[in-house]
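Colleague: Here it is, the structure, as structure tokens.
The values are calculated or read from the model by the stated rules, or taken from the named source; none is laboratory data. What you see is a predicted model, and the numbers here were worked out from it, not measured in a lab. In this analysis, Cβ positions are derived from the backbone assuming ideal geometry, glycine residues included, and neighbour counts consider all displayed protein chains.
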Amino acid sequence: MAGRGKILGSFAEAVADMPDGAVIAFGGFAGPGTPYNLIRALLAQGAKDLTCVANTTGGAHQPRMPDVAMLVENRQVRKVICSFTAANRPTDVIPFTRYYEAGEVEAELVPQGTLAERLRAAGAGIPAFYTPTAVGTELAEGRETRVINGREYLLEYALPVDVALIRAWKADAAGNLVFRLAQRNFCPIMAMAAKLTIAEVEEEILPVGALDPDHIHLPGMFVQRMVKVPPPPEGLWTVRRVERAR
Amino acid sequence: MSRPLSGGPAQAPTPASAPATGWSRQQMADRVAQEFQDGWVVNLGIGIPTLCSNTDIGGREVTYHAENGVIGYGPVLPPGEEDLHLVNAGGQNVSLRPGASIVHHADSFAIIRSGRIDVTVLGAYEVSCRGDFANWKLAGAKGGTIGGAMDLAAGARRVFVILEHTQRNGAPRLVRDCALPVTARGVVTLACTNLGLFEPVGEGFRVRELAPGISLEAARAATGAPLLAG
């Protein structure tokens, strides 16, 4: 099975050819699945004018780990597409907000399920779909809706991306991935929506054939590059989140 | 209604009752949790609704679903006992109950939109007597916090909201029409505030229950829409 050459020796190598203007999806939800090491490498690599697709821009918890907002702070981002552009708690301020309110970065705010389905549709060859979500809200103003079986639905378009950066638990050399618990979240659907998927992998990458085909969450055909996460402190690992002081 | 006994490591101590202001945050969550029926699949929003999972609801069994694809999570775990691969929608390190399962995000929201969530409990800034509610954008804000709320509001079989009855300046949060951008229209069937339980019924809110020490007159004075007695 094709697969040789998918394993790279460093995160820097994995993102070295990231072009300016790329549309990049970042896996992860509240920690698990977030490709911290790849984001850190992208901060150093310096690609600019990026469009970042992620559930949040990050930065709401301590200790702070590499996140999309750091790319914004590093002046690498033109636009974000996410389901939060402000802090969950109105009294909090997330790092992204400052840049957004200053007009230094664009944002497209998308309901989380619509974001997931737009990615899924892109990976499934579906150009658009109708959803009940956001009907009757400010988000639907001026947009195409349709009544189907007596209920109004909003037209949403697929969201294909150039690159998906994700984190997985186990992998084999063919790129077959297994996620652990809440790590799965957006990772498989972002990979399927992408032309190029780069995964950081927590466990030693296994020889082809070592994973049970029935246990694979994302087939290797959707994964082009992998890097094993080194042990800390060289590699970045999820830590317990601490609420920011109020 | 007295506060039910409750277990779980994240349990907050029972606050002293304060009749002038009605229920505490945990008491509101406890009261809403008493509405959960055996076998329901429940999705809890961030903030006060999360506290519903601390409530002992007797022999009834509910399954907690989180937007990130965790179906069947349990109590929040203390430091040292957590599994860092496992969080609920609020990012808290939770446990799993026997029979739990995991799906990816698109499947998690397929569960939501297809009506498999029996109830979602969400926080809100405002709720109207027609069942509209607003919880994602503050007046004058450029950014918003939609998260999964619009999908849950559109897809869950029931939408309950928990909110303080008034703003800090005393302005009502139970109103005829939401002034803030709405999350969904006509979906809320139960609003729990520190003053009681209220049902949007179109021309006003029907009072289902008042918190101890709260008079109908006091609730009326704090509400921006007609209150219809029981």
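Colleague: Of the residues in the stretch B:156-178, how many are hydrophobic (A, V, I, L, M, F, W, C), closer than 16 Å to residue B:225 by Cβ and not in a strand (DSSP E or B)?
Modeller: Here the count works out to 3.
Colleague: Can you tell me how many residues in the stretch A:204-243 are assigned to a loop (DSSP other than H, G, I, E, B) and either without any contact (Cβ under 8 Å) to a residue 12 or more places away in the chain or within 12 Å of chain B (Cβ to nearest Cβ) (or both)?
Modeller: Looking only at that region, the number is 12.
Colleague: Right, next: Check B:107, B:132 and return the single one that is within 20 Å of residue A:118 (Cβ to Cβ) and among the charged types (D, E, K, R).
Modeller: Going through B:107, B:132 in turn, the sole match is B:107.
Colleague: Only one of A:122, A:134 is closer than 30 Å to residue A:238 by Cβ and outside any strand (DSSP E or B); which?
Modeller: Of the residues listed, the single one that is closer than 30 Å to residue A:238 by Cβ and outside any strand (DSSP E or B) is A:122.
Colleague: Give me the residue from the stretch B:185-209 that is in a strand (DSSP E or B) and among the small types (Gly, Ala, Ser) and, out of that set, nearest to residue B:121 (Cα to Cα).
Modeller: Ranking the candidates gives B:191 first.
Colleague: Is at least one residue of the stretch A:148-160 more than 10 Å from every other protein chain (Cβ to nearest Cβ), part of a loop (DSSP other than H, G, I, E, B), under 18 Å from residue A:28 (Cβ atoms) and hydrophobic (A, V, I, L, M, F, W, C)?
Modeller: Yes, that holds for at least one residue.
Colleague: Condition first: more than 7 Å from every other protein chain (Cβ to nearest Cβ) and under 14 Å from the mean Cα position of the chain (by Cα). Now tell me which residues in the stretch B:140-156 satisfy that.
Modeller: Within the stretch B:140-156, B:149, B:152, B:153, B:156 qualify.
Colleague: In the stretch B:62-94, how many are more than 11 Å from chain A (Cβ to nearest Cβ) and modelled with pLDDT under 95?
Modeller: Residues that pass the stated criteria total 3.
Colleague: Continuing with this model, one more query. With (1) buried (at least 20 other Cβ atoms within 10 Å of the Cβ); (2) away from chain A (no Cβ under 12 Å) as the list, and residue B:189 as the residue in question, which single condition is left unmet?
Modeller: Of (1) buried (at least 20 other Cβ atoms within 10 Å of the Cβ); (2) away from chain A (no Cβ under 12 Å), only one is false for residue B:189: (1).
Colleague: Regarding residue B:137, is this residue surrounded by fewer than 20 Cβ atoms within 10 Å (Cβ to Cβ) and either over 16 Å from the mean Cα position of the chain (by Cα) or within 14 Å of chain A (Cβ to nearest Cβ) (or both)?
Modeller: no
Condition check ((1) surrounded by fewer than 24 Cβ atoms within 10 Å (Cβ to Cβ); (2) modelled with pLDDT under 95; (3) not aliphatic (A, V, I, L, M)) across all residues:
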site	(1), (2), (3)
B:130	yes, no, yes
B:146	no, no, no
B:156	no, no, no
B:175	yes, no, no
B:181	yes, no, yes
B:204	yes, no, yes
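Colleague: Suppose we filter A:191, A:182, A:164 for residues that are outside any loop (DSSP other than H, G, I, E, B), touching a His at 6+ places or on another chain (Cβ under 7 Å) and within 14 Å of another protein chain (Cβ to nearest Cβ); which single one remains?
Modeller: Among A:191, A:182, A:164, only A:182 is outside any loop (DSSP other than H, G, I, E, B), touching a His at 6+ places or on another chain (Cβ under 7 Å) and within 14 Å of another protein chain (Cβ to nearest Cβ).
Colleague: Scan the stretch A:127-153 for residues that are surrounded by fewer than 17 Cβ atoms within 10 Å (Cβ to Cβ) and closer than 20 Å to residue B:137 by Cβ and jot them down.
Modeller: Within the stretch A:127-153, A:138, A:141, A:142, A:143 meet the criteria.
Colleague: Sticking with this one: Within 11 Å of another protein chain (Cβ to nearest Cβ) and either of a type outside the set (Asp, Glu) or outside any loop (DSSP other than H, G, I, E, B) (or both), is that true of residue B:182?
Modeller: yes
Colleague: Hey, among A:124, A:107, which residue is within 12 Å of chain B (Cβ to nearest Cβ) and surrounded by fewer than 21 Cβ atoms within 10 Å (Cβ to Cβ)?
Modeller: The unique qualifying residue is A:124.
Colleague: Can you pull out the residues in the stretch A:96-116 that are touching a helix residue (DSSP H, G or I) at 6+ places or on another chain (Cβ under 6 Å) and either outside any loop (DSSP other than H, G, I, E, B) or closer than 24 Å to residue A:42 by Cα (or both)?
Modeller: Hits for the stretch A:96-116 are A:96, A:99, A:105, A:107, A:113, A:116.
Colleague: Scan (1) closer than 25 Å to residue A:242 by Cα; (2) within 11 Å of chain A (Cβ to nearest Cβ); (3) not hydroxyl-bearing (Ser, Thr, Tyr) for the single condition residue B:97 breaks and write down its number.
Modeller: Residue B:97 satisfies every listed condition except (2).
Colleague: Could I ask something else about it? Give me the residue from the stretch B:158-173 that is of a type outside the set (Lys, Arg) and under 23 Å from residue A:83 (Cβ atoms) and, out of that set, surrounded by the fewest Cβ atoms within 10 Å (Cβ to Cβ).
Modeller: B:163
Colleague: Can you say whether residue A:28 is more than 14 Å from every other protein chain (Cβ to nearest Cβ) and either at pLDDT below 95 or assigned to a loop (DSSP other than H, G, I, E, B) (or both), as far as the supplied structure shows?
Modeller: No.
Colleague: Please determine, by comparing only the residues of the stretch A:42-95 that are out of contact with any Cys (no Cβ under 9 Å at 6 or more places or on another chain) and part of a helix (DSSP H, G or I), which one is farthest from residue A:14 (Cα to Cα).
Modeller: A:95
Colleague: Right, another one. Given A:109, A:139, which one is touching a Gly at 6+ places or on another chain (Cβ under 7 Å) and either under 16 Å from residue B:184 (Cα atoms) or among the aliphatic types (A, V, I, L, M) (or both)?
Modeller: Matching residue, one of A:109, A:139: A:109.
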